[in-house]
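Notes follow once the structure below has been shown.
Every number here is computed from the coordinates shown, using simple stated rules; none is lab data. Not measured: the values here are computed from a predicted model. Cβ placement follows ideal geometry from the backbone for every residue including glycine, while neighbour counts extend to all protein chains displayed.
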Amino acid sequence: MIEYRTIQQEEIHRELFANFIRRQVVVQCRRWENDRWTVKEDPFIDDWSEEDYQTLIHCLKHTVKNGGFVYGAFYQGMLKGFVSVEAELFGSQNQYADLSSIHISEDMRRQGIGRSLFMAAKEWGKMQGAKKLYISAHSAIESQAFYQVMGCVDAQEYNQKHVEAEPYDCQLECSIE
């Protein structure tokens, strides 16, 4: 049985991720070429280093401290998925809430956890007055397929901070009205 709940700032430390498997085997990615999206072979294994975990911990604590949303899926008391949404709205009409992360442990994927976390993020964003979630999403075909199923499309406006930080990510939006 999966338990879903808000993650408090004091819970966010390295031990929270002790049983979390970030690993993703990527074979193909979306790339913007010649004014259209194409699929390219780009095989690699995406995993987090210890430095990546420390950065994640810092970011999630910052999200909570600033009034954002950090929500987790726990299986037998272990974190197996999480989502975060930043508190500050942005865009030309303050229409976007920034879905800053969503990750499911490799051993628990394809069980509906991602969908549940995404829906919780949409609901939280809506309560904050956002009209859309903004997602700077990994370009792996599997990641993109998830967002497509969730109703995401190419973002109408880009958050330049995300574009500069991760130039190969796909900038998406999803209506939450």
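What fraction of the DSSP beta bridges in the chain is antiparallel, stated in percent and rounded to the nearest 5?
90 percent
Compute the Kirkwood hydrodynamic radius of the chain, taking the inverse of the mean of 1/r over all pairs of distinct Cα atoms, and give it in Å to one decimal. Walk me through the intermediate numbers first.
Details: mean 1/r = 0.0600 Å⁻¹.
16.7 Å is the Kirkwood radius here.
For the cross-link pairs K80/K131; K61/K161; K65/K126; K40/K80; K61/K126, which exceed 25 Å when the distance is taken from alpha carbon to alpha carbon?
Violating the 25 Å Cα-Cα cut-off are K80/K131; K40/K80.
Under 15 Å from the Cβ of C152, count the other residues' Cβ atoms, weight Lys and Arg +1, Asp and Glu -1, and hand me the total. Each step should come with its number before you reach the end.
Working: positive: R30, R115, K122, K131, K132; negative: D98, E142, D154, E157, D169, E173, E177.
That works out to -2.
Kindly give Rg over Rh for segment 83-177, based on alpha-carbon atoms, with the Kirkwood expression for the hydrodynamic radius. If you can, show how the numbers build up before the last one.
Numbers: Rg = 12.6 Å, Rh = 13.3 Å.
My calculation puts Rg/Rh at 0.94.
Hey, how much of the P(r) for segment 84-135 falls beyond 16 Å, as a percent of Cα pairs?
So the portion of pairs separated by more than 16 Å is 40 percent.
If a cysteine in the chain has no other Cys Cβ under 4.7 Å from its own Cβ, put it on the list, ordered by number.
Flagged as lacking a Cys partner: C29, C59, C170.
Tell me which residues come under 5 Å, amide H to amide H, from S139 once H is placed; ignore anything under 5 positions away on its chain.
Amide H to amide H, under 5 Å and 5 or more residues apart or across chains, S139 pairs with C170.
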